[in-house]
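Participant: Right, I'll just put the structure down here and ask away after.
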Amino acid sequence: MKVLQLNKSIFLSNLPYLAKCVIGVILCYILYKEIPQYPFYWALVSVVIAISPDNSNRLAYDRMKANVLGCGVGLCLYPVHIPNLVLLCLGIILTICVGIALQLTSTLRSAMAALIIVLIHEEQVKQWYLPLERVLCVIAGCLVALFVSLLFNRIGRIGKVLIKSAGRSQPAPTDEN
């Protein structure tokens, strides 16, 4: 039987991602607990979808744009009275097409998750304010993810500068034989 082995270097290289996710969830959970009248559980979903393991500010902004795209398409389609499955499929098609046009193809999964969060409803009667609340919560999760990503990227750059400057300040090794 093969035993699960943890590659230490891979694990250590993903510690910042783990920390970003945990901090993002903590911040969104605070919103969820402190403002119970709004569905901030959607912010919890949004934050973990929007945070990525890489350290790219561009990708962080693109994920934010993708979530806004998904929310926008969802808001436009919410009042349409067609069966939910057809509405979801139409939303997916529109989100992908607009995402491709906006060159957001690497972040389309985030856009589609936001779309589904906005469109899905359990009630028999559609309440007009529900998608707005969900958009607010998805955007809150995205903003938290963006903040955490930018913060970690900034800390990473400062750390690299400090390491580089510490390496320069040490005297060069000499050959003493």
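Participant: I'd like the full set of residues that are assigned to a helix (DSSP H, G or I) and surrounded by fewer than 17 Cβ atoms within 10 Å (Cβ to Cβ), limited to region 17-47.
Facilitator: Result: Tyr17, Leu18, Ala19, Val22, Ile26, Tyr29, Ile30, Lys33, Glu34, Tyr41.
Participant: Sticking with this structure for a sec: Filter region 11-70 down to residues that are of a type in the set (Lys, Arg) and in contact with a Pro (Cβ under 9 Å, 6 or more places away or on another chain), then give me how many there are.
Facilitator: Of the residues in that region, 1 qualify.
Participant: Looking only at region 95-116, which residues are part of a helix (DSSP H, G or I), of a type outside the set (Val, Ile, Thr) and closer than 14 Å to Val68 by Cβ?
Facilitator: Gly99, Leu108, Ser110, Ala111, Met112, Ala113, Ala114, Leu115
Participant: Checking Ala60 against (1) modelled with pLDDT of 90 or more; (2) part of a helix (DSSP H, G or I), which test does it fail?
Facilitator: It fails just one condition, (1).
Participant: While we're looking at this one, here's another question. Pairs under 8 Å by beta carbon, first residue part of a loop (DSSP other than H, G, I, E, B) in region 64-80, partner among the β-branched types (Val, Ile, Thr), six or more apart or different chains?
Facilitator: Short answer, once both residue conditions are applied: Tyr78/Val118.
Participant: Out of all the residues in region 67-84, is one or more surrounded by fewer than 21 Cβ atoms within 10 Å (Cβ to Cβ), under 24 Å from Asn153 (Cα atoms) and either touching a Leu at 6+ places or on another chain (Cβ under 9 Å) or of a type in the set (A, V, I, L, M, F, W, C) (or both)?
Facilitator: Among the residues of region 67-84, at least one is surrounded by fewer than 21 Cβ atoms within 10 Å (Cβ to Cβ), under 24 Å from Asn153 (Cα atoms) and either touching a Leu at 6+ places or on another chain (Cβ under 9 Å) or of a type in the set (A, V, I, L, M, F, W, C) (or both), which makes the answer yes.
Participant: Tally up the residues in region 3-25 that are under 13 Å from Phe147 (Cα atoms) and without any contact (Cβ under 8 Å) to a residue 40 or more places away in the chain, please.
Facilitator: Counting residues in region 3-25 that are under 13 Å from Phe147 (Cα atoms) and without any contact (Cβ under 8 Å) to a residue 40 or more places away in the chain gives 2.
Each row is one residue, and each column tells you yes or no for (1) of a type in the set (D, E, K, R); (2) over 12 Å from the mean Cα position of the chain (by Cα).
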residue	(1), (2)
Lys8	yes, yes
Leu12	no, yes
Gly24	no, no
Tyr29	no, yes
Lys33	yes, yes
Phe40	no, yes
Ala60	no, no
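Participant: Could you tell me which of the residues Ala166, Ala111 is modelled with pLDDT under 80 and either more than 24 Å from the chain's Cα centre (by Cα) or surrounded by 10 or more Cβ atoms within 10 Å (Cβ to Cβ) (or both)?
Facilitator: That would be Ala166, the only listed residue that is modelled with pLDDT under 80 and either more than 24 Å from the chain's Cα centre (by Cα) or surrounded by 10 or more Cβ atoms within 10 Å (Cβ to Cβ) (or both).
Participant: Moving on. Can you tell me which condition Ser149 does not meet? The list is (1) surrounded by fewer than 23 Cβ atoms within 10 Å (Cβ to Cβ); (2) in contact (Cβ under 8 Å) with a residue 40 or more places away in the chain; (3) part of a helix (DSSP H, G or I), and all the others hold.
Facilitator: (1)
The values are calculated or read from the model by the stated rules, or taken from the named source; none is laboratory data. Note that this is a predicted model, so its numbers are computed, not measured. Using ideal geometry, Cβ is built from the backbone for each residue, glycine included, and neighbour counts are taken over all protein chains shown.
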